[in-house]
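Here's the structure we're looking at; comments come further down.
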Amino acid sequence: SPCLATYQYYPKVDTGACKEKDVVEACPKGILVFKGGKVVVDPKKLEQCHMCMACVDACKKGHVKVQGDPNKIIFRLECWGQLDASEVVKQAISILSSKFAELKKSL
């Protein structure tokens, strides 16, 4: 295995009408900020959200909602050094193509 590959749904964070500063402090990734008297998402940091739900738990009034977007994912590849990321993806596609061809023959 030349790498570690992970994926997750793209996070969707809705802060609604949340005005609780505790919610901002609860986020371990710092994606929430207090701006204009309410809690908002920093769009530059949104991809760092791992949907731990700490902000949801910290919101006493239930305004904060966190969920994953099933139509969009974040894919991460951490290579060990044998191959670079583009080569890992190319080889994975090649292997999957040959396995699908075998499956098609079997059917």
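Brief remarks follow.
- Taking residues in region 67-89 that are closer than 24 Å to VAL13 by Cβ and of a type in the set (S, T, N, Q), and partners anywhere that are assigned to a strand (DSSP E or B) and modelled with pLDDT under 95, not one pair has Cβ atoms closer than 6 Å while being at least 6 places apart or on different chains.
- Subset of region 30-39 (residues that are surrounded by fewer than 16 Cβ atoms within 10 Å (Cβ to Cβ) and not charged (D, E, K, R)): GLY30, VAL33, PHE34, GLY36, GLY37
- Residue tally, condition under 17 Å from the mean Cα position of the chain (by Cα) and either in a loop (DSSP other than H, G, I, E, B) or over 24 Å from PRO2 (Cβ atoms) (or both), over region 54-105: 11
- Hey, ILE93 free of Cβ contacts under 8 Å to residues at least 12 places away in the same chain and aliphatic (A, V, I, L, M) or not: yes
- Among residues of region 53-66 being open to solvent by 100 Å² or more (accessible area, probe 1.4 Å) and modelled with pLDDT of 95 or more, the one that is nearest to LYS21 (Cα to Cα) is ASP57.
- Filter result for GLU47 (open to solvent by 30 Å² or more (accessible area, probe 1.4 Å), among the charged types (D, E, K, R) and closer than 30 Å to LEU83 by Cβ): yes
- Scanning region 1-29 for residues that are among the polar types (S, T, N, Q), surrounded by 14 or more Cβ atoms within 10 Å (Cβ to Cβ) and in a loop (DSSP other than H, G, I, E, B) yields a count of 1.
The values are calculated or read from the model by the stated rules, or taken from the named source; none is laboratory data. Note that this is a predicted model, so its numbers are computed, not measured. Methodologically, a virtual Cβ is constructed for each residue, glycine included, from the backbone with ideal geometry; neighbour enumeration extends over all protein chains shown. Please note that ligands, DNA and RNA were not included when accessible areas were found on the heavy atoms of the full protein model with its side chains. Shrake-Rupley method; radii C 1.70, N 1.55, O 1.52, S 1.80 Å.
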